[in-house]
Amino acid sequence: MTAPPPGPRRGALALLASTQLLLITDTAIVNVALPSVGDDLGSGSAGLSWVANAYLITFGGLLLLGGRAADLLGHRRVFLGGLGLLAVASAAGGLAPGADALVAARAAQGVGAALAAAAAFALLLLLFPDGPARHKALGAFAAMGGLGGVLGTVLGGVLTDLLGWRSTFWLNVLLAAVLAALALRVLDDRTGRPRPGGFDLAGALTATAGLGLVAYALVGAAEAGWLSARTLGAGGAGLALLLAFAAVETRAAAPLVPPPVLARPALRLANALAALAQTTLFPMFFLVSLYLQSVLGYGPLGGGLGLLPLSLVVVAVAPQTGRIIFRLGLHRSMTLGFVLLCAGTLWLALALTPDGTFASTVLGPSLLIGAALPLVMVTTNVAATAEAAPEETGLASGLVNTSQQFGSVLGLAVLVAVATTRTEAVDAARAAAETAGHRAALLTGAAFAAVAALLSVRLHLPRPGPAPSPSPDDRIPHRR
């Protein structure tokens, strides 16, 4: 498979990385506006929680289906369809007359985000063959992911203060429309073209419903309790459907996830490590922002800006990950990243005090975590996609994106539950109790990172065989 010229590839990378920035920003931007949403629409805390959760459930539940749909229908087509749906759903959110309509719009946003994210990542894999070029491209993705979390928090505070909460949805409409227009120019209509093959309807239904129900159980666990009937019922039904999905795949003529793909040990371990990375990282952003606001007394904007040094380190380190992988090797670089993540999270947990300052508690550890983030993100993505054939790029994208999304949801549910339990158990002043809760949650996150560091030592990708001669059907046409 021949690579397209450097100029068009740089333009495509800028487009795809900007899409990643938009999708990560959208995860955080609405959260900051939720109090204003509740005041305007008269919604209680339960209704507000589902404004955030509806997006996470559909996003996580449809990533696998979105990746496979991109392989079958064409990556560019699914990418544009996802951006279009995201824009329409965002407009519906901006016009929502009540909380129920807003939750429905957020769910539709998650569908569009899942399609766009899976197709964008698959296009990156197609445009950048395995090696240093792909490592640099994945580094750009990691940088945009780190920047998006902070940008969403900051923009959410600024837009809500100046223009109201509905402006956060209209910003999505504008950015999605701009990205779609650029995609029509930058991506050739034959880039990521459809592949022949049937569609596994039974697999699609069982996988999507199973993943959606598991996500529903996880995001609702903190609110309803881990042993509540709702959590256990949804989680049990979701797991049952996923078991049914596994059975369906062994008999399907054109399976959504071919069993031989999941039989690859390196792919399974890499996806598990990708999930563990997000289990620590995603809740950390939430907990640090909450600590800065609820304990140290910062406003929403200050809470977001407190994560800016971390994001700047991510942006600085991410472009260097390719060189680090070249010098140390993939699994050593991955282990280094998880060790740094564990050390930074542990340092952060132990540094928190009820009467501290940003410089004495958050700044130092966040810089170390910022260096770890691109290392773990790039190396796990490289490992999870290294064995993917061209016709499997959407599938590989869907698998690793699903792993990361469910790691985020699981980590947030578990760490928030730990923080809440610890906070309620401490009989002390509110600031001291909340600090103890945040510390316990971050120590749990450090434990997840330590487990990942130990597992990463066992990751060894198979040596590539001799490359076959490229055929015209395998070439990726691109605009010159």
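The values are calculated or read from the model by the stated rules, or taken from the named source; none is laboratory data. This is a predicted model, so every value here is computed, not measured. Cβ atoms come from the backbone with ideal geometry, glycine included; neighbour counts cover every protein chain shown. With ligands, DNA and RNA removed, areas are computed over all heavy atoms of the protein, side chains included. Shrake-Rupley method; radii C 1.70, N 1.55, O 1.52, S 1.80 Å.
Annotation for the range 220-232: at least one member residue is open to solvent by 40 Å² or more (accessible area, probe 1.4 Å), among the aliphatic types (A, V, I, L, M), touching a Lys or Arg at 6+ places or on another chain (Cβ under 6 Å) and assigned to a helix (DSSP H, G or I). Cβ separations smaller than 6 Å between residues 6+ apart or across chains give the following pairs from the range 278-297 residues that are polar (S, T, N, Q) to residues that are open to solvent by 40 Å² or more (accessible area, probe 1.4 Å): Thr279/Leu410; Thr279/Phe448; Thr280/Phe448; Ser294/Glu434. Show the residue pairs that are 6+ apart or on different chains and have beta-carbon atoms under 9 Å apart, the first residue being within the range 73-98 and at positive phi, the second being open to solvent by less than 20 Å² (accessible area, probe 1.4 Å) and small (Gly, Ala, Ser). Close Cβ pairs (under 9 Å, with a partner that is open to solvent by less than 20 Å² (accessible area, probe 1.4 Å) and small (Gly, Ala, Ser)) amount to Gly74/Ala119; Gly74/Gly192. Scanning the range 267-277 finds one or more residues that are under 22 Å from Gly364 (Cβ atoms), open to solvent by less than 30 Å² (accessible area, probe 1.4 Å) and assigned to a helix (DSSP H, G or I). Being over 16 Å from the mean Cα position of the chain (by Cα) and either modelled with pLDDT under 85 or assigned to a loop (DSSP other than H, G, I, E, B) (or both): is that true of Leu15 here? No, not satisfied. Check whether at least one residue in the range 113-123 is modelled with pLDDT under 85 and either in contact with a His (Cβ under 8 Å, 6 or more places away or on another chain) or not in a helix (DSSP H, G or I) (or both), and report yes or no. No, there is no match, as no residue in the range 113-123 is modelled with pLDDT under 85 and either in contact with a His (Cβ under 8 Å, 6 or more places away or on another chain) or not in a helix (DSSP H, G or I) (or both). For the range 36-67, the tally of residues that are acidic (Asp, Glu) and modelled with pLDDT of 85 or more stands at 1. Mind counting the residues in the range 156-178 that are touching a residue at least 24 places away in the same chain (Cβ under 8 Å), within 18 Å of Ala113 (Cβ to Cβ) and open to solvent by 50 Å² or more (accessible area, probe 1.4 Å)? Result for the range 156-178: 3. Restricted to the range 341-362, and to residues there that are surrounded by fewer than 16 Cβ atoms within 10 Å (Cβ to Cβ) and β-branched (Val, Ile, Thr), the residue that is modelled with the highest pLDDT is Thr353. Restricted to the range 179-199, and to residues that are open to solvent by less than 70 Å² (accessible area, probe 1.4 Å) and at pLDDT 80 or above, which residue is nearest to Thr19 (Cα to Cα)? My answer is Leu179. Can Ala433 be described as at negative phi, part of a helix (DSSP H, G or I) and in contact (Cβ under 8 Å) with a residue 12 or more places away in the chain? Spelling it out, it is not the case that Ala433 is at negative phi, part of a helix (DSSP H, G or I) and in contact (Cβ under 8 Å) with a residue 12 or more places away in the chain. For the range 278-297, a tally of residues being under 22 Å from Leu412 (Cα atoms) and outside any helix (DSSP H, G or I) returns 2.
Could you list, in sequence order, the residues of the range 233-266 that are in contact (Cβ under 8 Å) with a residue 40 or more places away in the chain and either assigned to a helix (DSSP H, G or I) or on the phi > 0 side of the Ramachandran plot (or both)? Once the filter is applied, which keeps residues that are in contact (Cβ under 8 Å) with a residue 40 or more places away in the chain and either assigned to a helix (DSSP H, G or I) or on the phi > 0 side of the Ramachandran plot (or both), the range 233-266 yields Phe245, Val248, Glu249, Val261, Ala266.
None of Ala54, Ala119 is closer than 29 Å to Val314 by Cα and either surrounded by fewer than 24 Cβ atoms within 10 Å (Cβ to Cβ) or of a type outside the set (A, V, I, L, M) (or both) except Ala54.
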